[in-house]
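A short reminder: the numbers here are calculations on the coordinates, not readings from a lab. Computed from a predicted model, the values in this text were never measured in an experiment. Glycine gets a Cβ as well: all are built from the backbone with ideal geometry, and neighbour counts include every protein chain shown.
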Amino acid sequence: MQARVGTNYPRDMIYVRPLVQIGAARPGDALSLAGGACWFTHVELLSRDAPPRVCAAREAPDAALARLTRPRADWAGLSMDRPRLMGILNLTPDSFSDGGLLTEGAAALARATAMAAEVDILDVGGESTRPGAAPVPGDEEVRRTVPLIAALRCAGLRGPVSIDTRKALVARAALDAGATIINDVSGLTHDPAMVALVAGSRPPVVIMHALGTPSTMQDDPRYDDVLLDVYDALADLAGRAVAAGIDPARIAIDPGIGFGKTPDHNLALLRGIALFHGLGHPILLGASRKRFIGTIAGEADAARRAPGSIAVGLAAFAQGVQILRVHDTTETAQARALWQAVTGGTRP
Ligand code: HH2
């Protein structure tokens, strides 16, 4: 399977990864990262045909520095100057770590209500996209997700609710029921009607990178350079969305951990994740309970991967990642509070 997604970037293109730091002992010439608490004084210059080179940030091209430093607009009504949590509500019988737990309406509403007190965004999904998952018909996805979204609004929940779907039919029904964000793991490519829906209804949208579809994506995924290839692909996907009329300020991007990636690919993306700030959008990361955490930690049971998931999440916050998508909301909210207190960032 070929990794590049319609990109024609020159081999000598320079990619700029900020070497991100956080804390009060900040040199006078430090540059703020994306208007948040993180900052940088140096960058790593990456290219496809030369070794990486570390240099002072001021040596990087002005346009790249402008995209890295520009404060991000509020996204889904949330300021992007502090780490945010998106809690996962999988209303599926077959999700890889929590399938079948929330298929009964009252249990789902109780869990969602409790979760809403711990996180900034609820992410409701009705189709598993785990490797090898079979597609779910749109009307079945609507039947699984829309009643919970409507019930949450009926119960007075005012915060952001996201619908995790690749289908415009499901997104439309979810928006009508009170969802406010579309989270599309296909980066708006699965359903041709999705781009027009987002351009017309103007919800905030998560554009995620995936190589292939859930049924085939783990069949020997290959990249030329995974970090740069995913960067180029996301630039391409976001560029196409903007060309179709989607407001750039409404786009968050996501490297798609585990979606057509080996454990080594996932680690390369996590180590280099600050590169994606160069796209100029908030970064959302979904690593929670994923298989590479089990592989590295030796934990076969996905529901017991909270410690590894939190370690990855805090490392991402230290790279300025704005939103973390998580299953273990109570534990991660506590970890975030302590991480913020210790690093001197703003409290939630
Ligand atoms: N991962 C999953 C589903 N949706 N959305 C975004 N933006 N980023 C992700 O990494 C992401 C996502 C897969 O995880 P999960 O929902 O827990 O499992 P399943 O697809 O089996 O329901």
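Potential lengthening of the chain between residue 338 and residue 150 amounts to 64.3 nm, from the contour at 0.36 nm per residue minus the alpha-carbon distance. Positive-end ranking of 327, 313, 302 along the dipole of region 296-336, with charges on Cβ about the Cα centre, is headed by 313. Start at zero, step by 5 Å, and the Cα-Cα distances of region 250-348 spread as 2, 13, 24, 24, 21, 11, 4, 0 percent across the bins. The simple spin-label model puts a point 7 Å past each Cα toward its Cβ; for residue 12 and residue 301 those points are separated by 5.7 nm.
Taking the longest Cα principal axis of the chain as reference, the axis of helix 226-243 is set at about 70 degrees.
Springs join every pair of Cα atoms under 10 Å in this Gaussian network model of the chain, and among 71, 18, 61 the largest mean-square fluctuation is at 61.
The Kirkwood hydrodynamic radius of region 191-275, based on inverse pair distances between different Cα atoms, is 13.7 Å. Helix 329-343 and the longest principal axis of the C-alpha atoms of the chain enclose an angle of approximately 20°. The three principal axes of the Cα atoms in region 288-332 give end-to-end lengths of 29, 20, 12 Å, sorted in falling order. One decimal place: the segment residue 53-residue 193 gains 46.1 nm when fully extended, by the rule 0.36 nm per residue minus the C-alpha distance. Between 183, 134, 194, the Cα set farthest toward the positive side of the dipole of the chain (charges on each charged residue's Cβ, about the Cα centre) is that of 183. A simple rule links phi to the HN-Hα coupling: the Karplus curve 6.51 cos²θ - 1.76 cosθ + 1.60 with θ = phi - 60°, which for region 64-71 gives 5, 5, 5, 5, 5, 9, 4, x Hz, with x for Gly and Pro.
So, with +1 on the Cβ of K and R and -1 on the Cβ of D and E, and no other charges, what is the size of the charge dipole of region 137-261 about its Cα centre, to the nearest 20 debye? Don't jump to the answer; show the numbers that get you there.
Details: 12 positive and 16 negative charges, 139 e Å.
Once rounded to the nearest 20, the dipole reads 660 debye.
With N counted as the residues of region 155-296, its alpha-carbon radius of gyration over 2.2 N^0.38 Å works out to 1.05.
Taking the Cα centroid of region 43-114 and of region 234-252, what is the distance between the two, rounded to the nearest whole Å? Taking the Cα centre of region 234-252 as reference, the centre of region 43-114 is 16 Å away. Within the shell defined by Cβ-Cβ distances under 13 Å, the residues around residue 190 carry a net charge of -3, with Lys and Arg each +1 and Asp and Glu each -1.
How much net charge surrounds residue 335 when only the other residues with a Cβ under 13 Å from the Cβ of residue 335 are counted, with Lys and Arg +1 and Asp and Glu -1? Net charge around residue 335: -2. Within the listed set 148, 157, 324, the Gaussian network model of the chain (springs between alpha-carbon atoms below 10 Å) gives the highest mean-square fluctuation for 157.
The translational diffusion coefficient of the chain, from Stokes-Einstein at 20 °C and 1.002 mPa s with a Kirkwood hydrodynamic radius over alpha carbon pairs, comes to 105 µm²/s. Taking the Kirkwood radius as Rh and the Cα radius of gyration as Rg, region 30-182 has a ratio of Rg/Rh equal to 1.12. Under a Cβ-Cβ cut-off of 9 Å, what is the net charge of the residues other than residue 285 that fall near it, where Lys and Arg count +1 and Asp and Glu count -1? My count for the surroundings of residue 285 gives 0. Springs between alpha-carbon atoms under 10 Å, Gaussian network over the chain: tell me which of 133, 168, 155 tops the mean-square fluctuations. Answer for the Gaussian network model of the chain: 155. All Cα-Cα distances of region 139-187, cut into 5 Å bins from zero to the largest, leave 5, 26, 35, 21, 10, 3, 1 percent in each bin in turn.
Relative to the dominant Cα principal axis of the chain, helix 168-177 is inclined by about 70°.
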